[in-house]
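The values are calculated or read from the model by the stated rules, or taken from the named source; none is laboratory data. The structure presented is a predicted model; accordingly, all values stated were derived computationally and were not measured. Glycine gets a Cβ as well: all are built from the backbone with ideal geometry, and neighbour counts include every protein chain shown.
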């Protein structure tokens, strides 16, 4: 099933005025050998719910790299995972350390090791790696705006090799990041 996109051109061929209407695309899972994937789109396409569901299913470890991270449901799911014994570690962009009681503070106060990557102009990754087998990525920032207002995409891959490559990249960034000092 594909996304339905209706476009009406108001003032001539490829005119400036057009109307686009989207319907929510249902969850899709397609096996490709040992890999499977799911794709979501926002606004209001279930991205946050999909991330929270994957975090809740984690058994051993979760690694996060995020640029904008203001989503309470995702932060709460990470804390809950940590409380049930999942090894959770997070790398955030330096912009996340300046907000008063940011998600960086929330995670740090919840005893989740939270690192700030300030080596780059921006640490623009949006990645969650779960149990060395699942990779969540896409343009979707872990924020309310990404879920409700922005045009974003989120892809969940289940593939051990891909997960190991993302973990290696996460480790590289963690090595040059500083532990976040919560306020």
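Points worth noting:
- Considering the conditions (1) at pLDDT 85 or above; (2) on the phi < 0 side of the Ramachandran plot; (3) surrounded by fewer than 22 Cβ atoms within 10 Å (Cβ to Cβ); (4) not in a helix (DSSP H, G or I), residue 82 is excluded by exactly one of them, (4).
- One residue stands out among those in region 55-71 that are touching a strand residue (DSSP E or B) at 6+ places or on another chain (Cβ under 9 Å) and in a helix (DSSP H, G or I): the one that is surrounded by the most Cβ atoms within 10 Å (Cβ to Cβ), which is 55.
- Count - residues of region 136-183 that are at positive phi and either assigned to a loop (DSSP other than H, G, I, E, B) or modelled with pLDDT under 95 (or both): 0
- Among the residues making up region 37-54, those that are loosely packed, with under 15 Cβ neighbours inside 10 Å and on the phi < 0 side of the Ramachandran plot are 49, 53.
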